[in-house]
Amino acid sequence: MSRVAEVATKRDCVSRRHHYVPQSYLRAWSPDRKRVRVLDTRNGIDKLRGLRDTCVEENFYRVTDGRNRQHNQVEAMLAVIDDEMAALLETLRRWSPGDDIQFSEFMSLAVVVGLQRNRTPQARRHLASMSGWLTQRAGQPEQKLSTDYYVDVLFRALYEAADQLSTRQLEMWDDPRGRFITCDQPVLFSQNASGTPPSMNTSRYVWWPISPHRLIVFSQKHQGQKVVHRTVERRGVDDVRKVYIRGAESAIIALPEDRDVPSGKRLHRRPQLQIDCKPLEERKCGLRFGWGGHATNPLDHACRPLCAMAALGKQQNGQNELV
């Protein structure tokens with residue numbers, strides 16, 4: 001992180017094409033280390049695409065400095081972390097049962113996964129949806145989700161996400177048949193059986209496939225080991241695949257010979273943001289936010305009116321009248 005801080009002071013990054021999923025990560029699904037098979041969920045087109053042209057947007061992280069000058073130095077800052085990710089991926093892909101994992105590697109993994117969860121277009125749209133919902137339903141002042149604000153939230157949330165992941169059990173799930181897929185939102189949560197929105201706090205698993213043969217898992221079930229290793233059967237693989245097909249923003253990434261992805265089909269869009277109301281105590285409620293999927297509209301299950309906010313508003317009005 002000291003290297004990230006050092007790079008942040010410069011203005012030497014001229015790159016306009018910003019990869020929100022690093023090429024070093026995608027290369028595990030590449031048959032020739034140059035191209036990767038991409039299924040476009042918007043139109044069903046399934047083809048090999050160059051790594052340079054996959055999961056990339058122009059000026060995605062461009063921000064404005066205090067002198068009102070636009071620059072792409074955030075891309076250079078993220079490149080420092082991506083270099084760490086590339087080295088870490090090599091270690092994790094070579095790992096075999098009985099090998100050790102150093103504490104520094106575990107913490108680096110938590111940082112990398114926390115960042116990758118939040119650095120994508122889907123995550124950015126999640127923040128925009130939440131901001132819009134708060135404006136419409138909770139009476140909060142409207143705030144435009146600029147790139148500057150998004151990048152600020154991205155780095156502020158980095159350590160919080162890493163801290164949450166570091167309290168979980170690290171597991172590695174292997175599929176000898178190489179059936180794990182990924183997408184342009186590579187870090188996803190397992191769905192909650194109760195129907196509550198998946199989140200870092202509530203989901204049983206946080207999943208990050210690092211190759212067709214290996215899935216990195218952060219589990220809530222601690223087993224007294226540094227790393228828990230499992231060989232996953234077909235049912236477990238299918239559970240992961242369903243979540244990644246559902247969670248893709250626009251690109252599902254698989255091996256060229258994989259015949260079980262929905263090739264040729266345009267996937268229906270689903271609600272991206274889910275808001276539920278959870279009772280906390282008598283006459284009070286709390287809001288739970290969860291996200292996954294690839295649509296723009298929230299699935300709103302919050303109570304009408306918002307109990308806690310309405311009660312707070314009445315209480316404040318009453319105090320004002322007494323004053």
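The values are calculated or read from the model by the stated rules, or taken from the named source; none is laboratory data. A quick note: this is a predicted structure, and the numbers were derived from the prediction, not measured. Quick reminder, even Gly has a Cβ in these numbers, built from the backbone with ideal geometry, and neighbours come from all protein chains shown. Quick note on the areas: whole protein, heavy atoms, side chains included, nothing else; ligands and nucleic acids left out. Shrake-Rupley method; radii C 1.70, N 1.55, O 1.52, S 1.80 Å.
Rolled with a 1.4 Å probe across the full set of protein chains, the surface gives Asp32 an accessible area near 60 Å². Sorting Lys47, Lys34, Lys10 by accessible area puts them as Lys34, Lys47, Lys10; the probe is 1.4 Å, largest comes first, and only protein heavy atoms count. A simple rule links phi to the HN-Hα coupling: the Karplus curve 6.51 cos²θ - 1.76 cosθ + 1.60 with θ = phi - 60°, which for the range 243-250 gives 5, 6, 5, 5, x, 5, 6, 8 Hz, with x for Gly and Pro.
For the range 12-23, putting each phi into the Karplus relation 6.51 cos²θ - 1.76 cosθ + 1.60 with θ = phi - 60° gives couplings of 9, 8, 10, 5, 9, 9, 10, 7, 8, 10, x, 5 Hz, in residue order, rounded to whole numbers and with x for Gly and Pro. Over the range 78-133, the Kirkwood radius and the radius of gyration, each from Cα atoms, give a ratio Rg/Rh of 1.15.
In terms of Cα atoms, the Rg and Dmax of the chain work out to 21.0, 74 Å.
Averaging over all projection directions, the Cα-based convex hull of the range 38-186 occupies 12.6 nm² in the image plane. Largest GNM mean-square fluctuation among Asp238, Asp184, Asp260, using the chain with Cα springs under 10 Å: Asp260. Atom-type composition of the exposed protein surface of the range 133-211 places 48 percent of the accessible area on carbon and sulfur (1.4 angstrom probe). If you wrap the Cα atoms of the range 101-254 in a convex hull and average its projected area over all directions, you get 10.2 nm². In the context of the full protein assembly, Glu160 retains an accessible surface of approximately 120 Å², using a probe radius of 1.4 Å and ignoring ligands and nucleic acids. With the helix formula -39500 (n - 2.57) applied to DSSP H stretches of n ≥ 4, the chain reaches a computed 222 nm mean residue ellipticity of -11500 deg cm²/dmol. In summary, the aspartates and glutamates within cross-link reach of Lys10, defined as a Cα separation below 19 angstrom excluding same-chain residues under 8 places away, comprise Asp65, Glu75, Asp82, Asp83, Asp148, Asp152. For the range 161-222, the fraction of alpha-carbon pairs lying more than 18 Å apart is 37 percent, rounded to a whole number.
Taking a 30 Å limit on the Cα-Cα distance, which of the listed pairs Lys34/Lys242; Lys47/Lys226; Lys47/Lys221; Lys221/Lys278; Lys221/Lys265; Lys47/Lys242 fall beyond it? Before the final figure, lay out each step's value.
On the way: Lys34/Lys242 27 Å; Lys47/Lys226 39 Å; Lys47/Lys221 39 Å; Lys221/Lys278 24 Å; Lys221/Lys265 37 Å; Lys47/Lys242 20 Å.
Cα-Cα > 30 Å for Lys47/Lys226; Lys47/Lys221; Lys221/Lys265; rest within.
For the chain, the longest principal axis of the alpha carbon atoms and the long axis of helix 121-137 meet at an angle near 10°. Can you give me the Cα centroid spacing of the range 202-235 and the range 36-87 in angstrom? A separation of 27 Å, based on Cα centres. Here the dipole of the chain is about 820 debye; that uses its Cα centre as origin and unit charges on the Cβ of Lys and Arg (positive) and Asp and Glu (negative).
For the range 1-103, the relative contact order works out to 32 percent when only alpha carbon pairs closer than 8 Å and six or more residues apart are counted.
So what J values fall out for the range 147-162 if you push phi through Karplus, 6.51 cos²θ - 1.76 cosθ + 1.60 with θ = phi - 60°, rounded to Hz, Gly and Pro as x? Karplus-based 3J(HN,Hα) across the range 147-162 equals 4, 4, 5, 4, 5, 4, 5, 4, 6, 5, 7, 4, 6, 4, 5, 5 Hz. Rounded to the nearest 10 Å², what accessible area does Ser96 show when all protein chains are kept and the probe is 1.4 Å? Per-residue accessible area (Ser96): approximately 50 Å².
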